[in-house]
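See structure below.
The values are calculated or read from the model by the stated rules, or taken from the named source; none is laboratory data. Everything numeric in this text was worked out from a predicted model, so none of it was measured. Don't worry about glycine lacking a Cβ; one is built from the backbone with ideal geometry, like all the others, and counts go over all protein chains shown. What goes into the accessible areas is simple: the full protein's heavy atoms, side chains included, and nothing from ligands, DNA or RNA. Shrake-Rupley method; radii C 1.70, N 1.55, O 1.52, S 1.80 Å.
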There are 2 protein chains.
Amino acid sequence: MAANSRLTIATHVLTWLALAHRRGQEVLTSDQVAASVNTNSVIIRRSLGDLRRAGLVEVRHGAGAGWSLARAPREITLLQVYDAVGGEPPFGLHRSEPNLECPVGRGIRPALNQTYGRVEQAIRRELADTSIADVLREALRN
Amino acid sequence: MAANSRLTIATHVLTWLALAHRRGQEVLTSDQVAASVNTNSVIIRRSLGDLRRAGLVEVRHGAGAGWSLARAPREITLLQVYDAVGGEPPFGLHRSEPNLECPVGRGIRPALNQTYGRVEQAIRRELADTSIADVLREALRN
DNA sequence: CCTTGCCGTAACATTTTGTGTTACAGCTAC
DNA sequence: GTAGCTGTAACACAAAATGTTACGGCAAGG
């Protein structure tokens, strides 16, 4: 399944909420969002749950329930979304512990953590540079 | 299994080859390498196969066979290793095509590809900045 | 030239993770 | 109270990474 698509799904959800709001739709149900993403509404509710816990969306219960953005699209960066959905780092260390008798086996993990940490920071910098407003604008150009 | 560990394994292999060479070991068999990584030798041969196709290591067949680096450790960057093992991008797009009736569903993928492309470039810049010699030095500090 | 030790790779088992689906209790506006 | 949607558990399914076994192929050295 290649890389995971949670960041993509969550961003899609937020972007759709942003456009709907601009069109006068106060709230959207998970079914309405699912129709745009083309998947099951439980998947969407799971994603929206992550986003709610991160304070990026709000939910209204009971009759006439639904979801809306908790802040302006330009105030939501993809980095916040990335953190909200619990993105995993791109590279994993050894699945099973390397041989600690070997000098390389002993020192490789801290060495790689250093480089992988720099990579992670670079990713975060780029994600922080794009907002939902940016994505919406770019999406509508197509 | 979280993220995949191919880059980690391949880097470990190269680092171990670099240290062995410095210690006077001309070549290492896949079994010897596997002992340091603590995994099956077939896994190592698969990784070494990738590295050989990328021109980073050389193999000697027949009796007394084994592997050695094809160039100096400082001339091998983690970016080359990343490309050799065919790293996948960190974020995937939608698994199933979004609803093209929706403006967001229609435009979201090119919009995200733009951002994801910038992320990929940032990753590559960082990886290009670390060599096997760097990893070896750092590993031996521990 | 043939034996020996290792490579190269196919085939399959296992594990892990992501995703999709069904079901149902809980909440709130009306 | 009732209708409509959320929140989440439980399970099914698919895909990918990793581990394992097996065996043909190659080349150095006798």
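So, in region B:44-63, how many residues would count as being on the phi > 0 side of the Ramachandran plot and either within 13 Å of chain A (Cβ to nearest Cβ) or more than 14 Å from DNA strand D (Cβ to nearest atom) (or both)?
Residues in region B:44-63 being on the phi > 0 side of the Ramachandran plot and either within 13 Å of chain A (Cβ to nearest Cβ) or more than 14 Å from DNA strand D (Cβ to nearest atom) (or both): 1 in total.
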Anything in region A:10-43 that is assigned to a helix (DSSP H, G or I), more than 7 Å from chain B (Cβ to nearest Cβ) and open to solvent by less than 50 Å² (accessible area, probe 1.4 Å)? List them, or say none. A:Ala10, A:Val13, A:Leu14, A:Leu17, A:Ala18, A:Ala20, A:Ser30, A:Val33, A:Ala34, A:Ser41
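Of the residues A:Arg46, A:Arg52, A:Arg71, A:Arg137, which is outside any helix (DSSP H, G or I) and over 30 Å from B:Thr11 (Cβ atoms)? Steps first, please.
Values: A:Arg46 fails: outside any helix (DSSP H, G or I); A:Arg52 fails: outside any helix (DSSP H, G or I); A:Arg137 fails: outside any helix (DSSP H, G or I).
Exactly one of A:Arg46, A:Arg52, A:Arg71, A:Arg137 is outside any helix (DSSP H, G or I) and over 30 Å from B:Thr11 (Cβ atoms), namely A:Arg71.
When the residues of region A:117-134 are filtered to those that are buried (at least 21 other Cβ atoms within 10 Å of the Cβ) and part of a helix (DSSP H, G or I), which remaining residue is farthest from the chain's Cα centre (by Cα)?
Step one: list which residues in region A:117-134 are buried (at least 21 other Cβ atoms within 10 Å of the Cβ), which gives A:119, A:123, A:127, A:130-132.
From what is left, the residues that are part of a helix (DSSP H, G or I) are A:119, A:123, A:127, A:132.
Numbers: A:Val119: 18, A:Ile123: 13, A:Leu127: 10, A:Ile132: 11 Å.
If we take residues in region A:117-134 being buried (at least 21 other Cβ atoms within 10 Å of the Cβ) and part of a helix (DSSP H, G or I), then A:Val119 is farthest from the chain's Cα centre (by Cα).
Any residue that is without any contact (Cβ under 8 Å) to a residue 60 or more places away in the chain and loosely packed, with under 13 Cβ neighbours inside 10 Å - is there at least one of those in region A:48-57?
Yes, region A:48-57 contains at least one residue that is without any contact (Cβ under 8 Å) to a residue 60 or more places away in the chain and loosely packed, with under 13 Cβ neighbours inside 10 Å.
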Residue by residue through region A:64-116, note down the ones that are more than 28 Å from the chain's Cα centre (by Cα), at the interface with chain B (Cβ under 7 Å from one of its Cβ atoms) and over 24 Å from A:Asn4 (Cβ atoms). A:Glu97, A:Pro98, A:Asn99, A:Cys102, A:Pro103, A:Val104, A:Gly105, A:Arg106, A:Gly107, A:Ile108, A:Ala111
Mind counting the residues in region A:59-85 that are within 12 Å of DNA strand C (Cβ to nearest atom) and touching a helix residue (DSSP H, G or I) at 6+ places or on another chain (Cβ under 7 Å)? 2
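Could you tell me how many of the residues in region B:91-114 are assigned to a loop (DSSP other than H, G, I, E, B), within 15 Å of DNA strand C (Cβ to nearest atom) and open to solvent by 30 Å² or more (accessible area, probe 1.4 Å)?
Total satisfying the criteria: 5.
Can you say whether B:Leu56 is touching a Lys or Arg at 6+ places or on another chain (Cβ under 9 Å), farther than 20 Å from B:Ser30 by Cβ and of a type outside the set (Ser, Thr, Tyr), as far as the supplied structure shows?
Working: touching a Lys or Arg at 6+ places or on another chain (Cβ under 9 Å): yes; farther than 20 Å from B:Ser30 by Cβ: no; of a type outside the set (Ser, Thr, Tyr): yes.
So B:Leu56 does not fit the description; no.
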Return the pair list, or none, for Cβ contacts closer than 9 Å from residues in region A:106-126 that are under 14 Å from B:Ile132 (Cβ atoms) to residues that are basic (Lys, Arg) and in a helix (DSSP H, G or I), at least 6 apart or on different chains. A:Ala111/B:Arg137
